[in-house]
Amino acid sequence: MPFHYPVRSSVPRAHGPGIAGADLLLADALLRTGEEDRQAFRQVYTLTSSKLFGICLRICGDRQSAEDVLHDVYVLVWKRAGAFDPARGKAITWLATITRNRSIDWHRAKHVRSAGSLELIADAPDLAPDAESCLMEQEGATRLNQCLAALNPTYRDAICTAFFDGMTYAEAAACRGVPLGTMKSRIRRGLSQLRKGLDSVA
């Protein structure tokens, strides 16, 4: 019988945000960045630089300043990636918050605009997907379910518990009655297998 795990909208909000294929890969890359994995950090940059640059440009107002701020953002991401917790929210939201705050700090330091205009541009960035993105996400969810079904059941359970049920690693370990290090290892290995599976069907 095919394995089907609820993705995104199928996951009750009370149990934390659902994470579709692209979100899961970004979260994986960010977690590995927290372990000082430079290849993962490059993957984070590739997946997010366009969106984060848009946030910088919107607040800073000119391309050169936006590029400077974006550089600072990724320096902060490299230093703080270890603090990212997928149980608390999506990776892109965590990154967008850092970008927005760093851009506002730059804006305030430069005193380029009045406080009133700052309030207008400091609204949270619009991360809502458009129709094309929604369609791609549906296709990605199908691929994600297929790849999850092919995983070792232990790894699949660890990923689903931590990412889809919205538990912290410690909570997931306690729930399954295993040491925290064991749970982290299961998640890390499962994500590695899942990443390879998603890459093969992309």
Out of all the residues in the stretch 64-114, which are of a type in the set (S, T, N, Q) and buried (at least 18 other Cβ atoms within 10 Å of the Cβ)? Ser65, Thr99, Ser103
Of the residues in the stretch 1-43 that are at pLDDT below 85 and of a type in the set (Val, Ile, Thr), the one that is farthest from the chain's Cα centre (by Cα) is Val11
Just for the stretch 32-60: of the residues that are of a type in the set (Ser, Thr, Tyr) and over 18 Å from Ile187 (Cβ atoms), which one is surrounded by the most Cβ atoms within 10 Å (Cβ to Cβ)? Thr48
Considering each of Leu135, Leu144 in turn, give the residue that is at pLDDT below 80, surrounded by fewer than 20 Cβ atoms within 10 Å (Cβ to Cβ) and among the aliphatic types (A, V, I, L, M). Leu135
When residues of the stretch 171-192 are filtered for being part of a helix (DSSP H, G or I) and farther than 15 Å from Leu31 by Cα, how many remain? 8
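The values are calculated or read from the model by the stated rules, or taken from the named source; none is laboratory data. Since the structure is predicted, the reported quantities are computational estimates derived from the model, not experimental observations. Don't worry about glycine lacking a Cβ; one is built from the backbone with ideal geometry, like all the others, and counts go over all protein chains shown.
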